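Let me begin by presenting the structure, written as structure tokens, before commenting on it.
The values are calculated or read from the model by the stated rules, or taken from the named source; none is laboratory data. Since this is a predicted model, take the numbers as computed values, not measurements. Every residue, glycine among them, receives a Cβ derived from its backbone with ideal geometry; neighbour counts consider all protein chains shown. For the accessible areas, the whole protein counts, side chains as well, though only heavy atoms, and no ligand, DNA or RNA atoms are used. Shrake-Rupley method; radii C 1.70, N 1.55, O 1.52, S 1.80 Å.
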Amino acid sequence: MSFTRHFHRGRDLARTAGDHAADVFAPLTVIGRGLRRHADWTKTRWAATPKERRGPTLLVGAAVTLGVFLLPHGPLMALVALVASAAWAGRGPKSEPEPEADLADTKLTALYAALTPYLGGLDEPFALYRLDGEWRAAFSGWEFDPDGRLTALEISYPAYFTDTEPAARARIEQVVQGKAGRSREYRFDWDEEINRLRVGALAPLPADIVAQRFVTAPGEIVLGFTDGAGSNRTIPVEQGGATEQQPPVVWRVGPRSAEPHLLALGTAGYGTSTLLRSIALQALPHGDLVVVDGASTGEHACLVNRPGVYTVETSLHGALAALDWVAKETERRLIALNAARHHGVAAPEDVTRPLWILLDHLTELSELAHAEGRTDPQELLEVPLRHGRAARVTVVFVDDLEARHRIAATVHACTRARVVLGPITSESGSAGLGVPLDIAPAAHTPPGRGYARIGTAAPVRVQVPVTVDPLDEEAPQALREAVVALLPHRDTRTEESPSAGAEVTGSDAAGTEPERAEVRLTKDHAPAQPGMA
């Protein structure tokens, strides 16, 4: 007999023996299941018995047990009765697990209870929110994602709730976000006419769009990318090795723009300098730059010695000289433009080419100026801010969110395009954007993530393109090369070194250190200023 036949025969014998054993031990299995159910019932009843009744219960049980042992054949009859009872209790199949509670009933009940102290009329017997109320009367149109997280909900609230007060709204939004999950952003749509609040969870924005040439018209700057509800257009972008259509947040500048200047606030490490670099790379093909790095961190040293970059200043002396020249240049442009209109001729090219003033943490230099008793650099911005639109001068003011109280009133009044990056609160969001934010931020904010408001439009979410400092050796090489490809010409500090024997200038040699770098003004009309020779 072959091995295969032995194997199959042994398997059949084992299966037959198993079936017979199951038939033989089936009564014992039933009795064991019944005894286990009896034990579970006893534990449950004992746990439900009050402590003051447990002593008498034990005494009665001991008396019954003693009586059974004293009866003739009492222990035998008790054993037979226990086995019969266990067989009867264990005759059914194994108990199925209890069905899970309804997800909506569990989560929305908790949300209803959390909203009751803020929306409830505790003295009204038929109030919409009360301690013994039903959540289905207040909530409608709820949706959950496959992970059991709330994605959409419509909440009814009483007419006496002060839905026109930002503080009252913020309390409700905070409660709803806390119960729905703080890992996502939520948009709150308050319908004051019918006393309804619509809550919707927002999908995360793409954070892997790197610096590149965007398909825009001259005078259009892509601040970042948003969702479909925040933009009515899309542009092709390179994302993850493929071309995707993404909705941009576009800021339009120029003489016909209603928002000629930008104010961007944020928390350190969340992309304000990245936003400034992104704007500089988009503005350079069509305009000239003046950069002031008040923090002296060297974040914008890659712009030194680039065509179209007048100067990159990091010192108070250089910043005052640069901004004083900007004020005089603005006045000169206005005079030249008015003269051209008066004589009916075309304006000179040097006054129609856009001039960008990029200011990074200028309030730090303002504090230094106050300590030394010198002119505040922000005072020199009044002329460019007030007359910059007509003179083709655009000011981009970037600073820390905590320094918003040190920003001059003129800057706040003239910057109608706003961006806020990083984690914010309802108070800081309203202060930075100028209006209450109807989006609850997530608990964890990635770098470059924030909100933008152009003019009088509603705030929208924004994700700034990844525009790293090409001189930062800790940044990934691919991201650094993407920025270098957008710079106007080769620079030995960010690209391969020139051929052997080429002379390395002092600015190139010092470019690897975050020191103050100055570039000579290339325009013939530029007046000589200290620090900008």
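Here the Kirkwood formula puts the hydrodynamic radius of region 99-217 at 16.0 Å, using every distinct Cα pair.
Within the shell of other residues whose beta carbon sits under 13 angstrom from the beta carbon of residue 393, the net charge comes to +2, with Lys and Arg scored +1 and Asp and Glu -1. Applying 0.36 nm per residue to the separation of residue 152 and residue 198 and subtracting their alpha-carbon distance, the gain on full extension is 15.8 nm. Per-residue SASA remark: residue 188, around 10 Å² accessible (1.4 Å probe; ligands, DNA and RNA not included).
The local environment of residue 370, defined by Cβ-Cβ distances under 15 Å, has a net charge of -3 under the rule Lys, Arg +1 and Asp, Glu -1. Using alpha carbon centroids, what distance separates region 131-208 and region 258-289, in Å? Result: 34 Å between the Cα centres. Restricting the calculation to Cα atoms, every distinct pair contributes to the Kirkwood radius of region 257-362, found to be 15.1 Å. With all protein chains in place and ligands, DNA and RNA left out, the 1.4 Å accessible area ranks 190, 46 as 46, 190, largest first. Seen from residue 244, the other residues with C-beta closer than 13 Å to its C-beta sum to a net charge of -2, counting Lys and Arg as +1 and Asp and Glu as -1.
Could you check how much of the accessible area of region 45-95 is carbon and sulfur, as a whole percent, using a 1.4 Å probe?
Details: 3100 of 4190 Å².
Accessible surface attributable to carbon and sulfur in region 45-95 totals 74 percent.
Residues of region 373-502: accessible area per residue at 1.4 Å, in Å²?
Numbers: 5750 Å² over 130 residues.
So region 373-502 comes to 44 Å² accessible per residue, rounded to a whole number.
Entry comment: accessible area of region 138-182 is 49 Å² per residue, from protein heavy atoms only and a probe of 1.4 Å. In region 357-428, the C-alpha radius of gyration followed by the widest Cα-Cα span (Dmax) gives 12.9, 37 angstrom.
Taking all Cα pairs closer than 8 Å and separated by 6 or more residues, the relative contact order of region 306-445 comes to 22 percent.
Whole number please: convex hull volume per residue, Cα atoms of region 197-303, in Å³.
163 Å³
Classify region 293-332 as rounded, prolate or oblate from the Cα gyration tensor: take a ≥ b ≥ c as the square roots of its eigenvalues, call it rounded if a/c is under 1.5, otherwise prolate when a/b beats b/c and oblate if not. Oblate, since a/c reaches 1.5 and b/c is not below a/b. For the pair residue 367 and residue 328 in one chain, pulling the backbone fully straight at 0.36 nm per residue adds 11.7 nm over the alpha carbon distance. The figure for residue 209 is an accessible area of roughly 10 square angstrom, using a 1.4 Å probe on the protein chains alone. Taken over the alpha carbons of region 363-486 as equal point scatterers, the Debye sum produces base-10 log I(q)/I(0) values at 0.14, 0.16, 0.22 Å⁻¹ of -0.81, -1.00, -1.21.
Using only C-alpha positions, report the orientation-averaged shadow area of the convex hull of region 397-445, nm², one decimal.
3.5 nm²
Debye calculation, C-alpha points only, no solvent: report log10 I(q)/I(0) for region 274-427 at q = 0.08, 0.11, 0.16 Å⁻¹, in the same order as the q values. Debye curve over Cα of region 274-427, log10 I(q)/I(0) at q = 0.08, 0.11, 0.16 Å⁻¹: -0.23, -0.44, -0.90.
Of all DSSP beta bridges located in region 307-465, what percent are antiparallel, nearest 5?
On the way: 9 of 15 bridges.
The antiparallel proportion sits near 60 percent.
Shown for region 108-155: the carbon plus sulfur share of the solvent-accessible area, taken with all protein chains present and a 1.4 angstrom probe, equals 54%.
From the residues 411, 421, 482, which one has its Cα farthest along the dipole of region 391-482 in the positive direction, the dipole being from +1 and -1 charges on Cβ of Lys/Arg and Asp/Glu about the Cα centre? Ranked along the dipole, the leading option is 411. Surface composition of region 419-488: carbon and sulfur make up 55 percent of the accessible area, probe 1.4 Å.
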